[in-house]
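Following: one structure in structure tokens, then a few remarks.
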Amino acid sequence: MRNVWIICSKELRSYFVSPIGYFLLVMFAFIFGYFFWTDLYYVMQATMQAQMEGEPFPMDINEQVIRPLLSNMNVIALFFIPMITMRLFAEEKRSGTIELLATSPVHDIEIILGKWLAAVLMYGLMLLTSVFDFIFMFKYGNPNWKPVAIGYLGMLLQAGALLAIGTFISTLTKNQIIAGAATFGVCLLLFVLNWVSQFDTSTWAQVLSYMSVNGHFDSFARGVLDSKDAVFDVTVIFLGLFFTARSMESLRWRS
Amino acid sequence: MITVQGLTKRYAHNTAVDQISFEVQKGQIVGFLGPNGAGKTTTMRMLTCFLTPSGGTASVAGFDILEQPFEVKKRIGYLPETPPVYPEMRIAEYLMFVGRLKGLTGSDLRSRVDYSCERCAIADVKDKIIGKLSKGYRQRVGLAQAIIHNPGVLILDEPTAGLDPKQINETRDLIKSLAGDHTIILSTHILPEVSQTCEQVIIINKGKVVATDSVGNLQGRARSGESVLLEIGGRNGSLDPKAVQRKLEQVAGVTRVAFKEDGQRRAVFEVEGRKDRSLRGDLARAVVESGWDLNELRAASMSLEEVFLQLTGEETPAEMAGVAAGGQS
């Protein structure tokens, strides 16, 4: 466990000795702020219009602002995930520092967990920047905080799953660009797998649809903690890290 | 300290290391010598548990690299061919990280970082960013990283590659000064490096050990006897090589006379004799007293380069010159 933390803190620090960490935080905060503003603006417009026409408008911040906001941000996360994971192993392989890690008295799984945890924490920090937006929402609105917390848990879980896949892909190449592009491709595919269920209801379509990460986020966005979705994300995390471990082991045979 | 038995590494299409066996005693500096691509790096990577061997095994400090890699890793300091440094880190920060990774904690960690910096002469630059250091400094950081947990065994892969002559000397001195506390294996393709730094030499070529010997013996093998080249000319236009050969063989101390080439009124011989004799003087006198001209007489003792080339079966003299030039410092 100590070794996991040693690796993790080194990785976290390396995000912030280069501009990449700050870039990710700032970009995420900007985009989150933009969606926050547009979602809120839209609801306010609709409310005013309803008032002018004399119809009551059911005001529910959780359902009308937070749910679409988190769903949008969850899609945006897709673009950030590869930037977080692409360097994790590819960079170590290119510069030869992987030899230092692999010849130190540290288990492979500790290296992998440390790196993955650093990626998850990095994403967690990005999510933290959205606290500013929620300060306003809680000050001027009256949303229920529980669905918000569950929505954030869902974002973190799903990011954990995609980051595990990105970590695995990063062990396959020395080239960060390739690792990043491949991670983006795979994650995108996992997002759109459930589109097939819109026009097909066969077993295959259902299986594909189940494998889509997007389909497992909606209940989180609504503020419902469904164990089925949580189990899905945890399974993907486990599989991603398992494949990373196998890939690292194969390095010892091929180099 | 290190025992290697039948270590083998096969890839899909070639065998990089083929049944290597050798032993290294505690406290020795051993040179791992061979042309590029001979399997030096692969062997070292297997010893450090970075690569898994396809066959055979090895033990380091009594621990098997396959059975107890964790114990082996604790006892080995490894400097790969390119120092495994993170360019964005500062030296002290990097060494703290490596120290923690090797299991050091607290005041022990800090004192070892200071010690390694002191030892590798980087104490005055330890707050610099590694990416901005010169190659020589980076190499020293690599060495500091290797000795940080005070390992019993140091494995250094071409520690002087890419350095300028001054840095090469400094690095060699540093390695020599480390020898008392650590058993060291260093790989190189530069011959003078071996004779200047190492006590024992393991020569490998095409994945096989071709010689294991002490530097003294190897040089002895090179100069076991004195070998002299003689060019002899005939006075009156005629020269009977057979007569010359007979005469030379009669000189005291001569063990072998080989007729090399024949020209017009001249002949070249290679004469080998025991080292302790004043061979050249006797040969010169014998030639002159027989009425022949002594056109040339020079020592032709085998250099370490020639022994190396003989053992590794390399033939191109150009390559040999390159090897020798690479080692000039």
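Each value in this text was obtained by applying a stated rule to the coordinates, not by laboratory testing. Just so you know, these numbers come straight off a predicted model, no measurement behind them. Methodologically, a virtual Cβ is constructed for each residue, glycine included, from the backbone with ideal geometry; neighbour enumeration extends over all protein chains shown.
Values for this structure:
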{"read-out": "Share of pairwise Cα separations in the stretch B:96-150, more than 14 Å, in percent", "value": "47 percent"}
{"read-out": "Other-chain or far-sequence residues with amide H under 5 Å of B:ILE204's (modelled H)", "value": "B:LEU33, B:GLY34, B:VAL210"}
{"read-out": "Selection from B:HIS189, B:ASN150, B:SER111, by position along the positive dipole direction of chain B (Cβ)", "value": "B:SER111"}
{"read-out": "Between 0 and 90°, nearest 10: helix B:135-147 axis offset from chain B longest Cα axis", "value": "70 degrees"}
{"read-out": "Cα gyration tensor category, rounded, prolate or oblate, for the stretch B:37-179 with a/c compared to 1.5", "value": "oblate"}
{"read-out": "Beta bridges per DSSP with both ends in the stretch B:224-299, % antiparallel, nearest 5", "value": "100 percent"}
{"read-out": "Peptides ranked, highest mean first, by Cβ atoms within 10 Å: ranges A:93-105, B:51-63, B:73-85", "value": "B:73-85, A:93-105, B:51-63"}
{"read-out": "Estimated [θ] at 222 nm from DSSP helical runs (n ≥ 4, -39500 (n - 2.57)) normalised by residues in chain A, nearest 500", "value": "-25500 deg cm²/dmol"}
{"read-out": "Scattering profile of the protein assembly as shown at q = 0.06, 0.07 Å⁻¹ [log10 I(q)/I(0), Debye over alpha-carbon scatterers]", "value": "-0.48, -0.60"}
{"read-out": "Check: the protein assembly as shown dipole with +1 on Lys, Arg Cβ and -1 on Asp, Glu Cβ, in debye", "value": "1140 debye"}
{"read-out": "Per-selection metrics, chain B (Cα): Rg and Dmax in Å", "value": "25.5, 88"}
{"read-out": "All Cα pairs of the stretch B:224-299, percent lying beyond 18 Å", "value": "28 percent"}
{"read-out": "Cβ-defined net charge surrounding B:ASP124, 15 Å radius [Lys, Arg +1; Asp, Glu -1]", "value": "+2"}
{"read-out": "P(r) weight above 25 Å for chain A, C-alpha pairs, percent", "value": "49 percent"}
{"read-out": "Positive-pole candidate from A:VAL148, A:LEU163, A:PHE132, dipole of the stretch A:123-255, charges at beta carbon", "value": "A:LEU163"}
{"read-out": "Environment charge of B:GLY142, counting only residues whose C-beta is closer than 12 Å and scoring Lys/Arg +1, Asp/Glu -1", "value": "-1"}
{"read-out": "Chain B - percent relative contact order, Cα under 8 Å, separation 6 or more", "value": "19 percent"}
{"read-out": "Phi-based couplings in Hz for the stretch B:108-114 (Karplus 6.51, -1.76, 1.60; Gly and Pro marked x)", "value": "4, 4, 5, 5, 5, 4, 4"}
{"read-out": "Neighbouring partner chain Cβ atoms per residue of B:83-89, average, 10 Å criterion", "value": "6"}
{"read-out": "Folded to 0 to 90 degrees: helix B:91-101 orientation relative to chain B principal axis, Cα", "value": "80 degrees"}
{"read-out": "Rg and Dmax of the stretch A:95-231, Cα atoms only, in Å", "value": "18.5, 56"}
{"read-out": "Average Cα contact separation per residue, the stretch A:178-255, under 8 Å, 6 or more apart, as relative contact order %", "value": "20 percent"}
{"read-out": "Chymotrypsin sites (Phe, Trp or Tyr not before Pro) within the stretch A:129-199: DSSP coil, no more than 10 neighbouring Cβ in 10 Å", "value": "A:PHE199"}
{"read-out": "Cα-centred dipole magnitude for chain B, charges only on beta-carbon of K, R (+1) and D, E (-1), debye, nearest 20", "value": "380 debye"}
{"read-out": "Subset of B:LYS26/B:LYS74; B:LYS102/B:LYS135; B:LYS26/B:LYS206 violating a 20 Å alpha-carbon distance limit", "value": "B:LYS102/B:LYS135; B:LYS26/B:LYS206"}
{"read-out": "Positive minus negative residues near A:SER95 (Lys, Arg vs Asp, Glu; Cβ under 13 Å)", "value": "0"}
